[in-house]
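I have placed the structure first, in the form of structure tokens, so that the comments after it can refer back to it.
All of the numbers you see were taken from the coordinates with simple rules; none came from a lab. Just so we're clear, the structure is a prediction, and the values are computed from it rather than from any experiment. Please note: Cβ atoms are built from the backbone with ideal geometry, for glycine as well, and neighbour counts cover all protein chains shown.
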Amino acid sequence: MRVESLGKRYGRRWLFRDVTFDLEKGQRLAILGDNGSGKSTFLRLLAGLLTPTEGRVVPPEGDPRARLGYAALEMALYAPLTVDEHLALAADLRGCESRADELLDMVGLDHARSLPAAQLSTGMKARLKLAMAVQTRPTVLLLDEPGAALDEKGRALVARIAEEQTQRGTLVVATNDPIERELATHEIVLE
Amino acid sequence: MNPQGRWSREVVAVLRKELRTEWRTKTGLMTGGLYGVCLVLTVVFALINRNVNYFYKATGDHPLQDVCASLIWSIVLFASLLSLPRAFLAEEENGTADLLRLMARPHAVFWGKTLFNLFQTWIGGLLLGGLFVAAVGLDVRHPWLFVLCLLAGGAAVAGAVTLCGAIVAQAANRTALAGAIAIPLLWPLLQWGVAGLQSAIGTGLLRDGISAATGMVCYAVVGLVVGPYLYAAVWKS
């Protein structure tokens, strides 16, 4: 993934400008900064959910729905759909295998397959989002404060996912957590 | 899997999601459905012991039948308007739009949601129209035209509301903008819907009814052809 002179402005306020970097396979980038510095916005730009004010994001080759994985705390799930149905929906839309058994076992949600998202705790929702993010074995994985809602086991899961991601491609984490910061090989600080 | 197979898999996935969500939350039923049934009952209470099929022999006027055509179309139209916008606006309001944008292509989302809207308006229109006719005791001279107008009108409303919903979904002041856009979009449907139903009931000329139904079909086709491209243009924030 390549980022060239990326900048985002809301009204007259620039969150960041002229950010350029090239991520190669095996690299893990941490986006750091205070609250309101634009970490989540930066990640959403990389995910293609927002249009930059200036510059551009060059995504990995291929279908971005398969090559990019994204998980964020504020991303909502479909309240009436069950855990299984979320993974099935994601698979059908992306044109890939559901891998529900493998993914739910990995994130520890095997016991909650038939629960609707409305009945999941915040931590369980975070685990489901992680499962959906890695479903296609993406080249680039973007995680926005992945450990924020997770317990110790959950944070260990994030570390494991980060390690697996390194074998496959790159990882970008937006975080204020010093432990998550240590997952990274490189850092960008937004001020 | 070939591209066409993949596309239809995506459309069916969105449609299945919409159907499941509606089945489990009953949002459309509780808004449009309840509204429609209450309106029909209101009319029934007003017309108890009256013969709506009465006409003035001297002038040949059928005032109550003409009003019934207008009432049926109003009930069906506004019941649809209450429930349809949820399909697109709900994604932004519930915060699930990002999830959909990450996984889906805009054309597939548009067609999946539009098929759901069509399903909803057709079921709602036929049930409410049929309930009105049965409850009020209205004679319908051309039942085939009655059904055709409800189906064509439903498709036209679904197309117009889908377009409107896609445009305003990301606007800051959605309600005001939706109202402003909806009025010119719905104006021709109001006229065609009433004219078509009047002809179906028998108070208007058959050829006028067929023209009205044709107009609504063409309107639906235009909305459904333009819609995907417009939706793709406003897909990203």
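Observations on the structure shown:
- Test item: Cα-centred dipole of the range B:82-210, Lys/Arg +1 and Asp/Glu -1 on Cβ, debye: 160
- The mean count of C-beta atoms from other chains within 10 Å of the C-beta of residues in A:47-55, rounded to a whole number, is 2.
- Here r is the Cβ-Cβ distance between B:I123 and A:R17 and R0 is 60 Å; the resulting FRET efficiency, rounded to 0.05, is 0.70.
- Value at 222 nm in deg cm²/dmol, rounded to 500, when DSSP H runs of n ≥ 4 in chain B each add -39,500 (n - 2.57): -27000 deg cm²/dmol
- Inter-site label distance for A:R160 and B:S8 at 7 Å from Cα along Cβ, in nm: 4.0
- Each of A:H111, A:T166, A:A30 was placed along the dipole of chain A (beta-carbon charges, centred on the mean Cα), and the one lying farthest toward the positive end is A:A30.
- Check: the protein assembly as shown dipole with +1 on Lys, Arg Cβ and -1 on Asp, Glu Cβ, in debye: 680
- Sequence-distant contacts, meaning Cα pairs under 8 Å at least 6 residues apart, place the relative contact order of chain B at 25 percent.
- Each helix, a run of at least 4 DSSP H residues, gives -39500 (n - 2.57); summed and divided by the residues of chain A, these come to -10000 deg cm²/dmol at 222 nm.
- Across all Cα pairs in the protein assembly as shown, the calculated P(r) in 10 Å bins from zero up to the longest distance comes to 4, 19, 25, 20, 14, 9, 6, 2, 0, 0 percent per bin.
- Charge dipole of the range A:2-190 about the Cα centre (unit charges at C-beta), most positive-ward option of A:Y10, A:L142, A:N176: A:Y10
- Residue among B:V221, B:F116, A:L73 farthest towards the positive dipole end of the protein assembly as shown, charges placed on Cβ: B:V221
- Listed by chain and number, the aspartates and glutamates whose C-alpha is less than 14 Å from the C-alpha of A:K8, apart from same-chain residues fewer than 8 away, are A:D18, A:E54, A:E191.
- Intensity falloff of the range A:2-190 expressed as log10 I(q)/I(0), Debye formula with alpha-carbon point scatterers, at q = 0.12 Å⁻¹: -0.56
- With the simple model of a label 7 Å out from the Cα in the direction of the Cβ, B:R50 to B:Q191 spans 2.8 nm.
- Average partner coverage of A:76-89, which counts Cβ from other chains inside 10 Å: 4
- Peptide A:93-104 - average C-beta neighbours from other chains (10 Å radius): 3
- Inter-label distance, nm, simple model (7 Å from Cα along the C-beta direction), A:E191/B:V67: 7.5
- For B:L230 and B:L34, the FRET efficiency from 1/(1 + (r/R0)^6), where r spans their Cβ atoms and R0 equals 35 Å, is about 0.70.
- If you take the Cα centroid of the range B:108-127 and the Cα centroid of the range A:97-171, the two points sit 34 Å apart.
- Convex hull volume per residue for the range B:22-131, taking Cα atoms only, in Å³: 113
- Along chain A, longest interval not containing exposed trypsin sites (Lys or Arg not before Pro), exposed being DSSP loop plus at most 15 other Cβ atoms within 10 Å: A:26-112
- Nearest-ten-degree value, helix B:174-201 long axis tilted from longest Cα axis of chain B: 40
- Charge dipole magnitude, Cβ of K and R +1, D and E -1 - the range A:2-190, Cα centre, debye nearest 20: 600
- Per-pair calculated FRET efficiency, R0 = 25 Å: A:S5 and A:R168 via Cβ, rounded to 0.05: 0.35
- Relative contact order computed over chain A (Cα-Cα under 8 Å; 6+ residues apart), in percent: 33
- Against the main long axis of the alpha-carbon atoms of chain A, helix A:152-168 sits at an angle near 70°.
- Each of the peptides A:137-150, B:196-209 was scored by the mean count of other Cβ atoms within 10 Å over its residues; in descending order, highest first, they stand as A:137-150, B:196-209.
- Gyration tensor verdict on the range A:66-111 (Cα atoms; rounded if a/c is under 1.5, prolate if a/b is larger than b/c, oblate otherwise): rounded
- Of A:K153/B:K26; A:K25/B:K113; A:K25/A:K129, pairs whose Cα-Cα distance is over 26 Å: A:K153/B:K26; A:K25/B:K113
- Pairwise centroid distance, computed over Cα atoms, of the range A:18-85 with the range B:206-237, Å: 36
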